[in-house]
Amino acid sequence: MIKNNLKLILKIFVFEWPNLVIYLLFLFLFYFICILYKINLNVIGDLVRYTIIPFFMIIGFQVYQKYVNAKSINKLIREENFEQIHLHGFYGRLYSHALRNFMEHKLTENRNLILSLKRREDYLTLWSHEMKTPLTSLLMIAENNPTVSSEEVSEKLELVNYQLKQLLTFDRLDDFNNDLEFEKVNLSDCIRKIIQQDVSFFLSHEVMPKITVPSVKILTDLKWLSFILEQVIINAVKYSDKNGIVQINFNDDTLTITDHGIGIAKADLPRVFEQGFTGSNGRTHGEATGMGLYMTQKIAKILDVKVEISSTKNVGTIFKFVFDPQKITIK
């Protein structure tokens, strides 16, 4: 502690060199005048003898004052009390204002980082629960039945795979731009591949897809386009009525995914893209993390795809992906 204080005092003293230079220049000027007017040079010795002590007393007082100010500023910074930091002089006020703004910005960043990490921890906990649910269900079926149908096993494993894919995507979302590879993607093939991968999910919910997509190619990233389309298709199946149909159409520059299920409450519609929002459907039907549509909109924006949604309660939901016409090639 004493060593740090001595270092601080020495540092402040070193920065007083301009005053020493001024003092020496004053003596040199006086010496020059004495030479010019043939004044006895002993006067310079008397001048130094009578001014050197007051000079260093003034310097010492300034060093002490700056030392006290530095200690009080350090204390205020540790206490995060930046509003009380006041430095004297024009440049002191500028520095004080800049320091307050900088530290307040850093504190805001730290609070946001802590909040983000807490939110991330909450989502990881939620996702682990969502992934555990189908596995627990499968285990209970196995315990109560001597045999388990391959359809049930496939359905549960696909659900776990879907949740795991969401989790990995969320984890990479902040570094998303480093994993983009744009190419011409056949939209019809992309959709059919998604449905083929999730066929067990369609069968278990007794929902059929109806695809009316011409042979068009979109300049985009195949992996991330597949991800956002799968999020919406899975939601359409999940909230459809039994024996329902999920219609997937493409017209002009817009891909439309329509279900005829429970729909979304009017009050929930403005918030469906918010991070972590599950709405009334998520609370009543479960298996919702509130992250699918949030990630869909975020990724779609990077892919230059506009996302639109409309819904009527107990009638169904219409989800639209509007592509840039300049990126569409029709065969």
For this session: With 28 Å as the limit, write out which pairs from K118/K313; K165/K210; K193/K327 have Cα-Cα distances beyond it, or answer none.
Result: K118/K313
For this session: Provide the net charge surrounding V14, with neighbours chosen by a C-beta distance below 14 Å and charges set as Lys +1, Arg +1, Asp -1, Glu -1.
Result: +2
Problem set entry | Convex hull of region 2-79 built on C-alpha atoms - directionally averaged projected area, nm² | 6.1 nm²
Seminar exercise, completed: The alpha-carbon center of region 44-66 and that of region 185-259 are separated, in whole Å, by 85 Å
For this session: Could you point to the residue in N281, F202, I318 farthest towards the positive end of region 181-330's charge dipole, with +1 and -1 charges on the Cβ of Lys/Arg and Asp/Glu respectively?
Result: N281
Problem set entry | Whichever lysines have a C-alpha closer than 16 Å to that of K75, once near sequence neighbours (fewer than 8 apart) are set aside | K66
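No lab work stands behind these numbers, since they all come straight from the coordinates. Predicted model only: the values in this text are computed from it and were never measured. Positions of Cβ are backbone-derived with ideal geometry, glycine not excepted, and every protein chain shown enters the neighbour counts.
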